[in-house]
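Here the structure is laid out as C-alpha coordinates; the discussion comes afterwards.
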Amino acid sequence: MLRRVLLAAAASQRIRHLTTTAPLARDVVKRFVAGNTAADALAVTERLLAEGLSVTIDYLGEDTVEVDQAATVASEYVTLLELLAAAGLTVGGRAEVSVKPTAVGLGLPEHGNKTAAENIARICRAAKAAGTTVTVDMEDHTRIEATLRLVDELRQDFPDVGCVIQSYLRRSPGDCQALAVTGSRVRLCKGAYQAPDGVALAARSEVDRNFARCMRILLDGPGYPMLATHDPRLVAIAKSRAATIGREPTSFEYQMLYGIRTDEQAALAAEGAQVRVYVPYGNDWYGYFMRRLAERPANLTFFLRAIASRH
Ligand code: FDA
(Lines give C-alpha, C1' and ligand atoms only; values in the text may rest on other atoms or scores of the structure.)
Protein backbone atom coordinates (compact mmCIF):
# COMPACT_ATOMS: atom_id res chain seq x y z
CA MET A 1 0.00 0.00 0.00
CA LEU A 2 2.73 2.49 1.05
CA ARG A 3 4.70 1.46 -2.03
CA ARG A 4 1.72 2.35 -4.25
CA VAL A 5 1.30 5.74 -2.55
CA LEU A 6 4.99 6.58 -2.93
CA LEU A 7 5.09 5.50 -6.56
CA ALA A 8 1.99 7.62 -7.24
CA ALA A 9 3.72 10.53 -5.47
CA ALA A 10 6.71 10.02 -7.76
CA ALA A 11 4.48 11.16 -10.63
CA SER A 12 2.91 14.14 -8.80
CA GLN A 13 4.19 17.60 -9.73
CA ARG A 14 2.82 19.11 -6.51
CA ILE A 15 4.57 16.64 -4.21
CA ARG A 16 7.68 16.94 -6.38
CA HIS A 17 7.72 20.69 -5.71
CA LEU A 18 7.16 20.28 -1.95
CA THR A 19 9.87 17.62 -1.65
CA THR A 20 12.55 19.16 -3.80
CA THR A 21 12.24 22.54 -2.09
CA ALA A 22 12.36 21.09 1.45
CA PRO A 23 15.55 22.55 2.95
CA LEU A 24 16.92 19.24 4.08
CA ALA A 25 15.93 17.00 1.21
CA ARG A 26 19.26 17.37 -0.56
CA ASP A 27 21.23 16.09 2.47
CA VAL A 28 19.18 12.90 2.62
CA VAL A 29 19.24 12.43 -1.14
CA LYS A 30 23.07 12.46 -1.00
CA ARG A 31 22.99 8.90 0.27
CA PHE A 32 21.64 7.73 -3.10
CA VAL A 33 22.91 10.36 -5.55
CA ALA A 34 26.54 11.18 -6.36
CA GLY A 35 26.00 14.95 -6.66
CA ASN A 36 24.77 17.60 -9.08
CA THR A 37 27.51 17.66 -11.69
CA ALA A 38 29.51 15.39 -13.99
CA ALA A 39 32.56 16.27 -11.86
CA ASP A 40 30.76 14.82 -8.80
CA ALA A 41 29.97 11.64 -10.73
CA LEU A 42 33.59 11.38 -11.86
CA ALA A 43 34.89 11.73 -8.30
CA VAL A 44 32.58 8.97 -7.04
CA THR A 45 33.47 6.77 -10.04
CA GLU A 46 37.19 7.17 -9.36
CA ARG A 47 36.68 6.12 -5.74
CA LEU A 48 34.53 3.08 -6.60
CA LEU A 49 36.92 1.89 -9.31
CA ALA A 50 39.80 2.19 -6.83
CA GLU A 51 37.77 -0.11 -4.53
CA GLY A 52 37.63 -2.77 -7.26
CA LEU A 53 34.06 -2.06 -8.39
CA SER A 54 32.76 -1.07 -11.84
CA VAL A 55 30.27 1.70 -12.46
CA THR A 56 27.33 2.63 -14.69
CA ILE A 57 26.46 6.34 -14.54
CA ASP A 58 22.95 7.73 -14.95
CA TYR A 59 22.34 11.43 -15.65
CA LEU A 60 19.11 11.88 -13.69
CA GLY A 61 15.96 12.90 -15.54
CA GLU A 62 12.97 11.27 -17.21
CA ASP A 63 9.76 12.09 -19.06
CA THR A 64 11.32 14.86 -21.12
CA VAL A 65 8.62 16.77 -23.02
CA GLU A 66 10.78 19.01 -25.25
CA VAL A 67 12.98 18.06 -28.18
CA ASP A 68 15.68 20.54 -27.13
CA GLN A 69 15.78 19.15 -23.61
CA ALA A 70 16.16 15.60 -25.00
CA ALA A 71 19.13 16.77 -27.10
CA THR A 72 20.65 18.55 -24.09
CA VAL A 73 20.50 15.32 -22.09
CA ALA A 74 22.25 13.46 -24.92
CA SER A 75 24.94 16.18 -25.02
CA GLU A 76 25.46 15.83 -21.26
CA TYR A 77 26.15 12.10 -21.77
CA VAL A 78 28.56 12.80 -24.62
CA THR A 79 30.51 15.26 -22.45
CA LEU A 80 30.44 12.85 -19.52
CA LEU A 81 31.86 10.04 -21.67
CA GLU A 82 34.64 12.32 -22.95
CA LEU A 83 35.51 13.27 -19.37
CA LEU A 84 35.50 9.63 -18.24
CA ALA A 85 37.76 8.62 -21.12
CA ALA A 86 40.15 11.53 -20.51
CA ALA A 87 40.43 10.45 -16.87
CA GLY A 88 41.19 6.85 -17.96
CA LEU A 89 38.04 5.51 -16.28
CA THR A 90 36.48 3.78 -19.28
CA VAL A 91 39.34 1.31 -19.80
CA GLY A 92 37.90 -2.21 -20.11
CA GLY A 93 34.39 -0.77 -19.84
CA ARG A 94 34.78 -0.30 -16.09
CA ALA A 95 32.78 2.93 -16.22
CA GLU A 96 29.84 2.92 -18.65
CA VAL A 97 26.54 4.85 -18.79
CA SER A 98 22.86 4.04 -18.30
CA VAL A 99 20.23 6.01 -20.23
CA LYS A 100 16.47 6.31 -19.70
CA PRO A 101 14.67 6.43 -23.08
CA THR A 102 12.15 9.04 -21.87
CA ALA A 103 15.02 11.32 -20.79
CA VAL A 104 16.14 11.52 -24.42
CA GLY A 105 12.73 11.86 -26.03
CA LEU A 106 10.80 8.56 -26.08
CA GLY A 107 7.71 10.23 -24.58
CA LEU A 108 7.64 13.27 -26.87
CA PRO A 109 4.19 13.89 -28.38
CA GLU A 110 5.66 13.66 -31.89
CA HIS A 111 8.45 11.47 -33.27
CA GLY A 112 9.34 10.19 -29.79
CA ASN A 113 10.74 6.84 -30.98
CA LYS A 114 12.87 8.45 -33.68
CA THR A 115 14.20 11.18 -31.38
CA ALA A 116 15.11 8.72 -28.63
CA ALA A 117 16.75 6.36 -31.14
CA GLU A 118 18.87 9.16 -32.62
CA ASN A 119 19.88 10.50 -29.22
CA ILE A 120 20.82 7.08 -27.85
CA ALA A 121 22.74 6.29 -31.05
CA ARG A 122 24.68 9.52 -30.49
CA ILE A 123 25.47 8.42 -26.92
CA CYS A 124 26.48 4.95 -28.19
CA ARG A 125 28.90 6.53 -30.69
CA ALA A 126 30.48 8.56 -27.88
CA ALA A 127 30.68 5.45 -25.69
CA LYS A 128 32.34 3.48 -28.49
CA ALA A 129 34.89 6.27 -28.99
CA ALA A 130 35.53 6.20 -25.24
CA GLY A 131 35.98 2.40 -25.27
CA THR A 132 32.91 1.60 -23.24
CA THR A 133 29.22 0.66 -23.38
CA VAL A 134 25.68 1.95 -22.89
CA THR A 135 22.82 0.23 -21.08
CA VAL A 136 19.28 1.35 -21.87
CA ASP A 137 17.22 1.44 -18.66
CA MET A 138 13.67 0.07 -18.63
CA GLU A 139 10.92 2.37 -17.40
CA ASP A 140 7.21 1.79 -16.75
CA HIS A 141 5.21 -0.92 -18.52
CA THR A 142 3.84 1.46 -21.19
CA ARG A 143 7.38 1.88 -22.56
CA ILE A 144 8.41 -1.76 -22.76
CA GLU A 145 7.61 -2.57 -26.38
CA ALA A 146 9.09 0.69 -27.66
CA THR A 147 12.24 0.28 -25.57
CA LEU A 148 12.86 -3.34 -26.60
CA ARG A 149 12.38 -2.35 -30.26
CA LEU A 150 14.75 0.56 -29.81
CA VAL A 151 17.44 -1.68 -28.32
CA ASP A 152 16.94 -4.26 -31.05
CA GLU A 153 17.53 -1.59 -33.72
CA LEU A 154 20.51 -0.08 -31.89
CA ARG A 155 22.11 -3.53 -31.71
CA GLN A 156 22.55 -3.51 -35.50
CA ASP A 157 25.20 -0.80 -35.14
CA PHE A 158 26.18 -1.21 -31.48
CA PRO A 159 25.98 -4.93 -30.65
CA ASP A 160 27.11 -4.37 -27.06
CA VAL A 161 24.29 -2.01 -26.09
CA GLY A 162 22.64 -3.41 -22.94
CA CYS A 163 18.95 -3.66 -22.07
CA VAL A 164 16.93 -4.31 -18.94
CA ILE A 165 14.34 -6.95 -18.09
CA GLN A 166 12.08 -6.55 -15.02
CA SER A 167 11.01 -9.71 -13.21
CA TYR A 168 7.75 -8.17 -11.94
CA LEU A 169 6.41 -8.48 -15.48
CA ARG A 170 4.63 -11.71 -16.40
CA ARG A 171 6.15 -11.61 -19.89
CA SER A 172 9.79 -11.48 -18.76
CA PRO A 173 10.83 -15.15 -18.99
CA GLY A 174 9.87 -15.03 -22.69
CA ASP A 175 11.89 -11.83 -23.19
CA CYS A 176 14.86 -13.45 -21.43
CA GLN A 177 14.64 -16.46 -23.76
CA ALA A 178 14.73 -14.14 -26.75
CA LEU A 179 17.63 -12.15 -25.33
CA ALA A 180 19.78 -15.04 -24.07
CA VAL A 181 21.92 -15.01 -27.20
CA THR A 182 25.61 -14.59 -27.89
CA GLY A 183 26.85 -11.05 -27.35
CA SER A 184 23.74 -9.70 -25.62
CA ARG A 185 24.12 -7.76 -22.39
CA VAL A 186 20.99 -8.04 -20.26
CA ARG A 187 20.40 -6.45 -16.87
CA LEU A 188 17.83 -8.31 -14.81
CA CYS A 189 16.08 -6.40 -12.01
CA LYS A 190 12.78 -6.74 -10.13
CA GLY A 191 11.25 -3.52 -11.51
CA ALA A 192 10.67 -0.21 -9.78
CA TYR A 193 7.40 1.11 -11.25
CA GLN A 194 3.64 0.65 -10.82
CA ALA A 195 1.98 -1.76 -13.21
CA PRO A 196 -1.54 -3.23 -13.43
CA ASP A 197 -2.18 -6.79 -12.25
CA GLY A 198 -2.66 -8.27 -15.70
CA VAL A 199 0.81 -7.07 -16.66
CA ALA A 200 2.72 -7.45 -13.42
CA LEU A 201 2.94 -10.01 -10.64
CA ALA A 202 1.47 -8.59 -7.43
CA ALA A 203 3.13 -10.69 -4.71
CA ARG A 204 6.78 -10.09 -3.86
CA SER A 205 7.32 -13.84 -3.60
CA GLU A 206 6.11 -14.25 -7.20
CA VAL A 207 8.38 -11.44 -8.39
CA ASP A 208 11.32 -13.16 -6.66
CA ARG A 209 10.45 -16.53 -8.17
CA ASN A 210 10.21 -14.94 -11.61
CA PHE A 211 13.60 -13.29 -11.02
CA ALA A 212 15.13 -16.69 -10.20
CA ARG A 213 13.53 -18.16 -13.33
CA CYS A 214 14.75 -15.33 -15.59
CA MET A 215 18.20 -15.44 -13.99
CA ARG A 216 18.51 -19.11 -14.76
CA ILE A 217 17.56 -18.55 -18.40
CA LEU A 218 20.17 -15.81 -18.71
CA LEU A 219 22.93 -17.63 -16.81
CA ASP A 220 22.37 -20.83 -18.78
CA GLY A 221 22.51 -18.94 -22.08
CA PRO A 222 25.54 -17.60 -23.96
CA GLY A 223 24.97 -13.87 -23.30
CA TYR A 224 26.35 -11.57 -20.61
CA PRO A 225 23.91 -11.40 -17.64
CA MET A 226 23.96 -8.36 -15.34
CA LEU A 227 22.15 -9.38 -12.15
CA ALA A 228 20.83 -6.21 -10.56
CA THR A 229 19.55 -6.98 -7.08
CA HIS A 230 20.42 -6.36 -3.43
CA ASP A 231 18.42 -9.39 -2.40
CA PRO A 232 20.80 -11.77 -0.57
CA ARG A 233 18.68 -14.83 -1.40
CA LEU A 234 18.79 -14.11 -5.12
CA VAL A 235 22.52 -13.39 -5.00
CA ALA A 236 23.03 -16.76 -3.28
CA ILE A 237 20.95 -18.51 -5.97
CA ALA A 238 23.02 -16.78 -8.68
CA LYS A 239 26.29 -17.90 -7.06
CA SER A 240 25.08 -21.45 -6.75
CA ARG A 241 23.81 -21.65 -10.36
CA ALA A 242 26.98 -20.08 -11.75
CA ALA A 243 29.08 -22.64 -9.81
CA THR A 244 26.91 -25.57 -10.94
CA ILE A 245 27.16 -24.73 -14.63
CA GLY A 246 30.79 -23.60 -14.41
CA ARG A 247 30.23 -19.99 -15.46
CA GLU A 248 33.43 -17.96 -15.19
CA PRO A 249 33.21 -14.96 -12.82
CA THR A 250 34.19 -12.72 -15.74
CA SER A 251 31.24 -13.90 -17.85
CA PHE A 252 28.53 -12.14 -15.81
CA GLU A 253 28.25 -9.39 -13.22
CA TYR A 254 26.25 -8.30 -10.19
CA GLN A 255 24.87 -4.78 -10.10
CA MET A 256 23.71 -2.70 -7.13
CA LEU A 257 22.66 0.90 -6.58
CA TYR A 258 24.94 3.59 -5.20
CA GLY A 259 24.53 3.83 -1.43
CA ILE A 260 22.65 0.53 -0.99
CA ARG A 261 24.23 -2.55 0.62
CA THR A 262 27.72 -1.21 0.11
CA ASP A 263 29.16 -3.91 2.40
CA GLU A 264 27.72 -6.60 0.16
CA GLN A 265 29.14 -4.85 -2.91
CA ALA A 266 32.61 -4.93 -1.35
CA ALA A 267 32.22 -8.52 -0.12
CA LEU A 268 31.22 -9.83 -3.56
CA ALA A 269 34.11 -8.00 -5.21
CA ALA A 270 36.51 -9.42 -2.60
CA GLU A 271 35.30 -12.94 -3.51
CA GLY A 272 36.36 -12.27 -7.11
CA ALA A 273 32.93 -11.45 -8.55
CA GLN A 274 32.42 -8.52 -10.91
CA VAL A 275 30.25 -5.87 -9.27
CA ARG A 276 28.96 -2.74 -10.99
CA VAL A 277 27.44 0.16 -9.06
CA TYR A 278 24.69 2.29 -10.62
CA VAL A 279 25.69 5.89 -9.90
CA PRO A 280 23.09 8.60 -10.56
CA TYR A 281 23.90 12.32 -10.60
CA GLY A 282 22.14 15.57 -11.51
CA ASN A 283 19.48 17.88 -10.11
CA ASP A 284 16.46 15.96 -11.32
CA TRP A 285 16.59 13.39 -8.53
CA TYR A 286 12.93 13.37 -7.46
CA GLY A 287 11.57 10.35 -9.40
CA TYR A 288 14.68 8.23 -8.69
CA PHE A 289 14.63 9.13 -5.00
CA MET A 290 10.90 8.37 -4.59
CA ARG A 291 11.40 4.91 -6.12
CA ARG A 292 14.15 4.25 -3.56
CA LEU A 293 11.76 5.29 -0.75
CA ALA A 294 9.07 3.00 -2.18
CA GLU A 295 11.45 0.04 -2.10
CA ARG A 296 12.13 0.40 1.58
CA PRO A 297 9.78 2.10 4.05
CA ALA A 298 12.70 2.51 6.51
CA ASN A 299 14.17 5.04 4.05
CA LEU A 300 10.98 7.09 4.35
CA THR A 301 11.22 7.14 8.15
CA PHE A 302 14.86 8.24 7.85
CA PHE A 303 13.90 10.98 5.39
CA LEU A 304 10.98 12.32 7.48
CA ARG A 305 13.06 12.22 10.69
CA ALA A 306 15.87 14.16 9.04
CA ILE A 307 13.45 16.85 7.90
CA ALA A 308 11.62 17.02 11.26
CA SER A 309 14.88 17.30 13.23
CA ARG A 310 15.70 20.62 11.55
CA HIS A 311 12.37 22.34 12.28
P1 FDA B 1 14.26 -5.86 -2.74
O2 FDA B 1 13.54 -4.59 -3.00
O3 FDA B 1 13.47 -7.05 -2.32
O4 FDA B 1 15.40 -5.58 -1.70
C5 FDA B 1 16.23 -6.58 -1.16
C6 FDA B 1 17.07 -5.96 -0.04
O7 FDA B 1 17.94 -4.96 -0.59
C8 FDA B 1 16.24 -5.18 0.98
O9 FDA B 1 15.76 -6.03 1.98
C10 FDA B 1 17.24 -4.16 1.48
O11 FDA B 1 18.15 -4.75 2.37
C12 FDA B 1 17.99 -3.81 0.22
N13 FDA B 1 17.37 -2.67 -0.49
C14 FDA B 1 16.69 -2.72 -1.66
N15 FDA B 1 16.29 -1.49 -2.03
C16 FDA B 1 16.70 -0.65 -1.07
C17 FDA B 1 16.59 0.75 -0.90
N18 FDA B 1 15.97 1.53 -1.77
N19 FDA B 1 17.16 1.30 0.20
C20 FDA B 1 17.81 0.54 1.10
N21 FDA B 1 17.95 -0.80 0.97
C22 FDA B 1 17.41 -1.39 -0.08
N23 FDA B 1 14.37 -0.87 -12.08
C24 FDA B 1 13.68 -0.65 -13.24
O25 FDA B 1 12.46 -0.72 -13.24
N26 FDA B 1 14.37 -0.34 -14.38
C27 FDA B 1 15.72 -0.28 -14.43
O28 FDA B 1 16.30 0.00 -15.49
C29 FDA B 1 16.44 -0.53 -13.23
N30 FDA B 1 17.81 -0.48 -13.18
C31 FDA B 1 18.48 -0.88 -12.06
C32 FDA B 1 19.87 -0.97 -12.05
C33 FDA B 1 20.53 -1.48 -10.95
C34 FDA B 1 22.01 -1.59 -10.97
C35 FDA B 1 19.79 -1.91 -9.80
C36 FDA B 1 20.46 -2.51 -8.63
C37 FDA B 1 18.44 -1.76 -9.78
C38 FDA B 1 17.76 -1.24 -10.89
N39 FDA B 1 16.38 -1.09 -10.87
C40 FDA B 1 15.72 -0.81 -12.05
C41 FDA B 1 15.64 -1.14 -9.59
C42 FDA B 1 15.08 -2.52 -9.29
O43 FDA B 1 14.03 -2.81 -10.19
C44 FDA B 1 14.55 -2.64 -7.85
O45 FDA B 1 13.52 -1.73 -7.66
C46 FDA B 1 15.58 -2.42 -6.78
O47 FDA B 1 16.82 -2.92 -7.12
C48 FDA B 1 15.15 -3.10 -5.47
O49 FDA B 1 14.99 -4.47 -5.69
P50 FDA B 1 15.97 -5.62 -5.08
O51 FDA B 1 16.19 -6.60 -6.15
O52 FDA B 1 17.17 -5.00 -4.52
O53 FDA B 1 15.08 -6.34 -4.03
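Pull up the DSSP beta bridges for segment 33-284 and report the antiparallel fraction as a percent, rounded to 5. If we restrict to bridges inside segment 33-284, about 5 percent are antiparallel.
Per residue, the average separation of C-alpha pairs within less than 8 Å and at least 6 apart gives segment 33-284 a relative contact order of 23 percent.
Suppose only helical runs count, i.e. DSSP H with n ≥ 4. What mean residue ellipticity at 222 nm does that imply for the chain under -39500 (n - 2.57) per run, divided by all residues and rounded to the nearest 500 deg cm²/dmol? Value at 222 nm, helices only: -16000 deg cm²/dmol.
Entry comment: accessible area of segment 33-284 is 42 Å² per residue, from protein heavy atoms only and a probe of 1.4 Å. Within segment 1-99, report the GluC sites (Glu not before Pro) that DSSP leaves as loop and that have at most 14 other Cβ atoms within 10 Å. Hits after loop and neighbour filter: 51, 66.
A DSSP coil position with no more than 13 other Cβ atoms inside 10 Å describes the following trypsin sites (Lys or Arg not before Pro) in segment 14-105: 30.
Helices of the chain meeting both criteria, an alpha-carbon length of 15 angstrom or more along the long axis and an average Kyte-Doolittle score not below -0.5, with helices taken as full DSSP H segments, are 38-50, 67-86, 112-130, 144-157, 204-220, 232-245, 297-308.
Semi-axes of the equivalent ellipsoid for segment 33-284, computed as √(5λ) from the eigenvalues of its C-alpha gyration tensor and ordered from largest down, come to 26, 23, 17 Å. Cross-link reach is defined here as a Cα-Cα straight distance under 24 Å, omitting same-chain residues fewer than 8 places apart; for residue 30 the lysines meeting it are 100, 190.
Share of the chain's accessible area from carbon and sulfur, percent, 1.4 Å? Working shown, then result.
Numbers: 7590 of 14040 Å².
After summing per-atom areas, the C and S share lands at 54 percent.
The values are calculated or read from the model by the stated rules, or taken from the named source; none is laboratory data. The structure presented is a predicted model; accordingly, all values stated were derived computationally and were not measured. Cβ atoms come from the backbone with ideal geometry, glycine included; neighbour counts cover every protein chain shown. What goes into the accessible areas is simple: the full protein's heavy atoms, side chains included, and nothing from ligands, DNA or RNA. Shrake-Rupley method; radii C 1.70, N 1.55, O 1.52, S 1.80 Å.
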